[in-house]
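Nothing in this text is a laboratory measurement; each read-out follows from the coordinates by a stated rule. Quantities reported herein were computed from a predicted structural model and do not represent experimental measurements. Don't worry about glycine lacking a Cβ; one is built from the backbone with ideal geometry, like all the others, and counts go over all protein chains shown.
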């Protein structure tokens with residue numbers, strides 16, 4: 001990430017950005033970073049193996065981790081949070097019977113026996129509709145618009161038949177018995193994401209989990225996709241300042257940075273690449289802090305072993321960070337400075353190596369990721385799934401984390417079906433992006449190590465602890 005800003009907020013339609021401040025952390029923030037646990041195992045690059053859903057099932061691994069004192073930015077909450085994080089010990093089979101959904105007949109509200117004539121209906125209404133159609137029965141017209149219920153459904157045949165038609169029953173949809181898989185998934189998704197009352201306790205828990213994660217996302221991240229897209233599409237009264245060469249970079253540093261970064265003077269004589277690299281680091285530090293607070297708000301996370309909380313953050317924050325960074329990118333460049341600046345892709349590519357190699361892979365990932373057209377409610381669940389990943393090395397309570405992960409992934413799948421009903425393959429596409437993110441982070445970490453060895457620049461202590469022994 002590239003940024004040109006600090007905790008000072010310039011006049012802008014936005015208060016903050018996921019591409020936050022280049023201002024390094026204060027002493028309190030830095031106080032305990034050297035005590036962060038040292039994890040020696042490396043990350044598994046097969047992202048799909050960790051997401052234990054029926055279509056993409058694989059085993060996870062985990063081993064014990066030594067205790068440590070965890071402070072400041074990666075300090076996990078020490079007290080359990082309230083809320084629902086797990087809806088079942090294992091993944092529910094989506095091919096379960098219709099009765100597991102507690103469905104009502106769309107006509108009379110009796111218990112539905114299956115999917116009949118295009119809707120969920122009971123045996124009584126299925127038979128009534130079939131007889132009416134086959135025998136071409138005509139009923140005496142009723143103007144009272146009778147309410148059709150289980151107890152009175154036989155009293156007014158005219159209104160009952162009209163109700164059958166109004167809910168969508170049709171002789172052209174002659175399909176009986178078991179509900180089609182796609183219909184069941186969409187129905188469950190609507191129950192989780194919609195406003196209708198949910199009688200099934202499991203679906204109610206899933207709906208609660210989805211809402212809590214989305215609320216935590218909106219609360220803890222200063223920039224979200226909706227805000228970023230408003231700026232990138234020119235729908236704001238204050239367009240961002242465009243940084244496209246060394247001259248505009250210097251001007252941006254004077255107008256967007258100099259007023260806001262108290263330590264800017266120490267870098268003013270350094271080359272542009274080093275100054276930009278410094279801003280990248282400080283942006284990352286701010287985003288890691290936001291991700292940590294978001295993780296604490298995910299139901300169940302704060303009740304985990306403290307070492308497990310740190311391990312999940314250590315291995316998950318950069319994957320989550322790059323997923324969210326895509327929201328602030330288009331094919332031409334990247335929003336910086338809380339949305340008040342825009343640095344062009346070509347300018348970043350024009351920097352000398354190895355700095356020129358830093359952002360281009362993120363642009364390439366972002367273009368493909370943005371093509372999925374996710375919104376903030378999708379991203380909230382996706383980021384939570386990244387963080388609560390049961391295959392991170394060194395985890396103590398693997399089974400507990402896997403149950404959290406399964407719950408989040410199941411809600412994510414149902415949410416995508418409801419939010420993107422025309423893209424039935426969005427869920428597997430998104431799982432593939434997990435593997436892409438792991439590869440992206442691996443390559444980024446290798447580049448950072450190269451810069452540390454060959455360039456006269458330092459790495460922020462928080463980021464050093466995240467990268468230590470990871471790759």
At 1.306 mPa s and 10 °C, plugging the Kirkwood radius over alpha-carbon pairs of segment 371-471 into Stokes-Einstein gives what diffusion coefficient in µm²/s?
100
Rg in Å to one decimal, and Dmax rounded to a whole Å, for segment 98-177 via C-alpha atoms
12.0, 38
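For 117, 318, 139, what's the fewest-to-most ordering of other Cβ within 10 Å of each Cβ?
Values: 117 21, 318 26, 139 13.
Going from least to most buried by this count: 139, 117, 318.
Taking 0.36 nm per residue of separation and subtracting the Cα-Cα distance, what length does fully extending residue 429 through residue 453 add? Could the numbers behind the result be given before it?
Values: separation 24, 0.36 × 24 = 8.64 nm, distance 3.68 nm.
Going from the current span to full extension adds 5.0 nm.
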Inter-probe distance in nm under a simple model that places probes 7 Å from Cα toward Cβ, at residue 368 and residue 109:
5.1
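Just subtract the alpha-carbon distance of residue 172 and residue 248 from 0.36 nm times their residue separation and send over the number in nm, one decimal. Kindly include the intermediate steps, with their values, before the conclusion.
Working: separation 76, 0.36 × 76 = 27.36 nm, distance 6.52 nm.
Gain on stretching residue 172 to residue 248: 20.8 nm.
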What is the calculated FRET efficiency for residue 360 to residue 397, with r their C-beta to C-beta distance and R₀ = 22 Å, to the nearest 0.05?
0.05
By Cβ neighbour count within 10 Å, fewest first, 111, 352 rank 352, 111
Per-residue counts of other Cβ atoms within 10 Å, averaged by peptide: what ranking do you get for 333-341, 247-255, highest first?
333-341, 247-255
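By per-residue mean of other Cβ atoms within 10 Å, what is the highest-first order of 444-452, 222-230?
On the way: 444-452: 15.7, 222-230: 19.3.
Taking the mean over residues of other Cβ atoms within 10 Å, the ranking is 222-230, 444-452.
Largest first and in whole Å, give the semi-axes of segment 326-389's equivalent ellipsoid, each being the square root of 5 times a Cα gyration tensor eigenvalue. Please report the intermediate quantities before stating the final value.
Working: eigenvalues 121, 39, 25 Å².
Equivalent-ellipsoid dimensions as semi-axes: 25, 14, 11 Å.
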Segment 286-332 - convex hull of alpha carbons, volume per residue in Å³:
73
Can you tell me the FRET efficiency between residue 469 and residue 353 if r is taken as the Cβ-Cβ distance and R0 is 25 Å, rounded to the nearest 0.05?
0.40
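Go through 413-422, 455-464 and give me the packing order, highest mean Cβ count within 10 Å leading. Walk me through the numbers on the way to the answer.
Details: 413-422: 19.3, 455-464: 15.9.
By packing density, highest mean first, the sequence is 413-422, 455-464.
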